[in-house]
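Below: one structure, written as C-alpha cells.
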Amino acid sequence: MANTFNLTPNSDIFTVPPGLMVQFPGGVLGLEGNDTITGSFESEIINGNAGKDILFGGDGNDNLQGGKDDDDLYGELGQDTLIGGLGDDYIVGGDGNDILNGGRGDDLLDGGAGNDTLSGDLGYTLYKGGTGSDVFVLRTDVVLGDPKRNPNSSVQAWDIILDFEKSLDKIGLTNGLTEANVTLTTYSIPLKNIEFVSGRFPKEGKISVGDLDPDRNGSYDATTIQIASNGQILGKVLNVTPSDLRGRFITLS
C-alpha cells in the first residue's frame, strides 16, 4: 500500500501543500476527528476516514473519499472522483467532468458544471446533475431484495433524479438491464405526503421539499422506473413524462 500522510486523531484543519503527493503517493489520510482538508492546485488523494469530514479538492484532478460517517465532499475545479463511503454524504462535483459515488447511506449528489456520472449504492440517493450532459446510474444490484422498493410495500423509498434534462442527460442501467427491461409510469401525489429518507439535508438547508415541486403546483410529479420482471423501483425522475425518458437509457458494463 502506498505511503499516506496521516493527520492526527483530533479534528484537524489541514491544507495540502503542493508536492506532498510526490513523497506520499497514497495521499492524505484523516483519522478519527471531524477534519476539514483542502487540496492545492495539484491532483491529490484525500481520505477523510472516520469522523464528519469536509473535503475540498481545489484545482487538479482529485480523488476525494469521505470514509465513515456523514461527510461533505467538494471537488471544485478539475475532473474529480468523489466517493462518499459510509454515512449520509453530500457530494458536489463542481466544475469539470466528475465521477460521483455516494457509497452506502442516503446521499445527495450534485454534479455541478460539466458532463458528470453520478451513482448511488445501498441506501437512497438524491441526484442533481447540474449543467452539462450527465449520466445517472441506477444500479440493479442495489434495488434487488430491498422491500422498500417494492411498489406494494406499506413503506416505500426510492432514488430521485431532481433535474433530468431530456435532451442532454442519460440514465445508466447495470447488470445487463436495458431499456426494454424497464417500465415507465407516471406518478403524482400531494407534496405534503413526501418526506426525505435522510433528515440531514433539509435540516442543513441543502435541499427542501420545495425542490421536489419545481412548477409549484403543490404536487410531486415524476416518472417511475421499475424493473419489468419484478416491479422493483429503480428510481423516480422528477417532472418528466415517460415519453421524455424513452431513448435516454444506456446499459453500462
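Taking all Cα-Cα distances within segment 13-144, those exceeding 17 Å account for 52%. Largest accessible area first, the listed residues 131, 224, 8 line up as 131, 8, 224 when surface is computed with a 1.4 Å probe on the assembled protein chains. Other residues whose C-beta falls under 13 angstrom from the C-beta of residue 190 contribute a net charge of -2, scoring Lys and Arg +1 and Asp and Glu -1. For the chain, the normalised intensity computed at q = 0.09, 0.15 Å⁻¹ comes to -0.40, -1.01 (log10 of I(q)/I(0), Debye sum over alpha carbons, equal scatterers, no solvent). Length gained on full extension, residue 250 to residue 180, computed as 0.36 nm times the residue gap minus the Cα-Cα distance: 24.1 nm. Within the chain, DSSP assigns beta bridges of which about 20% are antiparallel (rounded to the nearest 5). Tally up the carbon and sulfur contribution to the accessible surface of segment 70-197 as a whole percent, 1.4 Å probe, everything protein left in place. Accessible surface attributable to carbon and sulfur in segment 70-197 totals 51 percent. Extent of segment 115-177 along its three principal axes (Cα atoms, max minus min coordinate, largest first): 36, 24, 18 Å. Summing charges over neighbours of residue 199, with a neighbour being any other residue whose Cβ is under 14 Å away from its Cβ, gives -3 when K and R count +1 and D and E count -1. The residues of the chain expose, per residue, 44 Å² of accessible area to a 1.4 Å probe. Put simply, the amide H of residue 234, placed in the peptide plane, has neighbours under 5 Å in 225, 226, 227, leaving out anything fewer than 5 places away on its chain. Counting only DSSP H runs of at least 4 residues, each contributing -39500 (n - 2.57), and dividing by the residue count of the chain, the helix-based mean residue ellipticity at 222 nm comes to -1000 deg cm²/dmol.
Semi-axis lengths, largest first, of the ellipsoid equivalent to segment 141-253 are 23, 17, 14 Å, with √(5λ) applied to each eigenvalue of the Cα gyration tensor.
Charge dipole of the chain (Cα centre as origin; +1 on each Lys and Arg Cβ, -1 on each Asp and Glu Cβ, all else neutral): 980 debye, rounded to the nearest 20. In the chain, a dipole from Cβ-located charges (positive for Lys and Arg, negative for Asp and Glu) runs towards its positive end, and of 5, 77, 130 it is 130 whose Cα lies farthest in that direction. Over all other residues within a Cβ to Cβ distance under 14 Å of residue 122, the charged ones net out to -4, with Lys and Arg as +1 and Asp and Glu as -1. Dipole magnitude for segment 122-253: computed about the Cα centre from +1 point charges on Lys and Arg Cβ and -1 point charges on Asp and Glu Cβ, it is near 180 debye.
The values are calculated or read from the model by the stated rules, or taken from the named source; none is laboratory data. Everything numeric in this text was worked out from a predicted model, so none of it was measured. In this analysis, Cβ positions are derived from the backbone assuming ideal geometry, glycine residues included, and neighbour counts consider all displayed protein chains. With ligands, DNA and RNA removed, areas are computed over all heavy atoms of the protein, side chains included. Shrake-Rupley method; radii C 1.70, N 1.55, O 1.52, S 1.80 Å.
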